[in-house]
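Okay, so here's the structure we're looking at.
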C-alpha cells in the first residue's frame with residue numbers, strides 16, 4: 001500500500017496570526033506547525049499501512065524553504081519520507097496554483113491512495129483536494145470516517161447528516177480524511193530520532209512538468225484587498241438566582257428581543 005498524504009505547514013494556531021503590509025499571512029514571524037486536519041489524514045495512512053503489514057507513506061507539501069523542520073514532526077509520527085515543492089515564485093500563490101503544483105508533483109510519484117485533510121487553518125477553503133482529483137482524473141471520496149482499501153479498490157464511509165454514505169471506487173483514488181478516523185499519535189522518542197535521517201526531497205518549479213500553466217504569486221486570481229477587526233462585543237448580562245427564576249428571566253430576555 002503506497003499512500004501519499006498532503007500536508008501543509010501553517011502558522012501555529014496557539015500564537016497570534018498576523019498579516020504583513022501586503023495583507024498576506026506573515027509566515028516568518030509565527031512558528032509553523034503541521035496543519036491539524038492533515039495530521040488526522042496522516043494517522044489514517046499510518047494505520048492502513050500497519051494493517052496491511054507493508055507499504056510506504058510519503059508526505060507531499062508545497063511550502064517555503066524552511067518547511068523541512070516542520071515536516072520532521074510528521075516524519076517522526078511514522079511517515080517514511082517527504083517531498084517538498086518550494087520555489088520563490090510560489091510565494092503568495094492562490095488555490096489554483098496550489099492545485100496545479102501538487103497535481104504535477106503527484107504525477108511524479110507512485111501511489112495507491114492520496115489522503116488529505118478537510119481544510120487548512122490558514123485558509124479554510126477546503127477545495128484543494130477536490131481540484132487535484134479533477135486535475136488528475138482520480139475518484140474523489142470526501143469526509144471519510146472509515147477507509148477500507150483492498151487490492152484494487154477502496155471503500156469509504158462518508159459522513160452525512162443522518163449517518164454515513166458508503167462509497168466505493170477503484171485505485172488510485174483521493175480520500176479526504178476527517179477527525180472521525182482517530183486521534184493522531186504523538187511522536188515517540190525513537191520516531192523523533194529516526195526522523196532526523198529520513199529523506200526530504202526538494203523540488204522546484206523547474207522539476208515539475210507544468211507546461212504553460214501560469215502558477216505563482218505573480219498570477220494569483222484572488223487577493224485580500226481589505227481587513228478589519230470584528231466589532232467589539234456588547235456588554236454581557238449575567239443571570240443569577242434559583243434555576244426557575246433564572247430560566248424565566250432568560251426566556252423573558254429572549255422574548256423581549258423577539259428571539260423566541
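Quick notes on this one:
- Any chance residue 8 is in contact (Cβ under 8 Å) with a residue 60 or more places away in the chain, surrounded by 20 or more Cβ atoms within 10 Å (Cβ to Cβ) and either in contact with a helix residue (DSSP H, G or I) (Cβ under 8 Å, 6 or more places away or on another chain) or under 25 Å from residue 106 (Cβ atoms) (or both): yes
- Whenever a residue of region 146-172 is within 12 Å of residue 113 (Cβ to Cβ), its partners that are surrounded by fewer than 18 Cβ atoms within 10 Å (Cβ to Cβ) and at pLDDT below 95, lying with C-beta atoms within less than 6 angstrom and at least six residues away or across chains, give the pairs 171/152.
- Residue count for region 91-109 under the criterion of being in contact (Cβ under 8 Å) with a residue 60 or more places away in the chain, in a helix (DSSP H, G or I) and either surrounded by 15 or more Cβ atoms within 10 Å (Cβ to Cβ) or touching a helix residue (DSSP H, G or I) at 6+ places or on another chain (Cβ under 6 Å) (or both): the result is 9.
- Among the candidates 33, 7, 28, residue that is within 25 Å of residue 220 (Cβ to Cβ) and at pLDDT 95 or above: 7
- Of everything listed in (1) out of contact with any helix residue (DSSP H, G or I) (no Cβ under 7 Å at 6 or more places or on another chain); (2) more than 25 Å from residue 67 (Cα to Cα); (3) surrounded by 13 or more Cβ atoms within 10 Å (Cβ to Cβ), the single unmet condition for residue 181 is (1).
- Of all residue pairs spaced 6 or more apart or on separate chains, those with beta-carbon atoms under 6 Å, a first member in region 217-240 that is in contact (Cβ under 8 Å) with a residue 40 or more places away in the chain and on the phi < 0 side of the Ramachandran plot and a second member that is surrounded by 10 or more Cβ atoms within 10 Å (Cβ to Cβ) and not in a loop (DSSP other than H, G, I, E, B) are 221/96.
- Top-ranked residue of region 110-127 - restricted to ones that are surrounded by 16 or more Cβ atoms within 10 Å (Cβ to Cβ) and over 23 Å from residue 221 (Cα atoms), ranked as nearest to the chain's Cα centre (by Cα): 117
The values are calculated or read from the model by the stated rules, or taken from the named source; none is laboratory data. Predicted model only: the values in this text are computed from it and were never measured. Glycine gets a Cβ as well: all are built from the backbone with ideal geometry, and neighbour counts include every protein chain shown.
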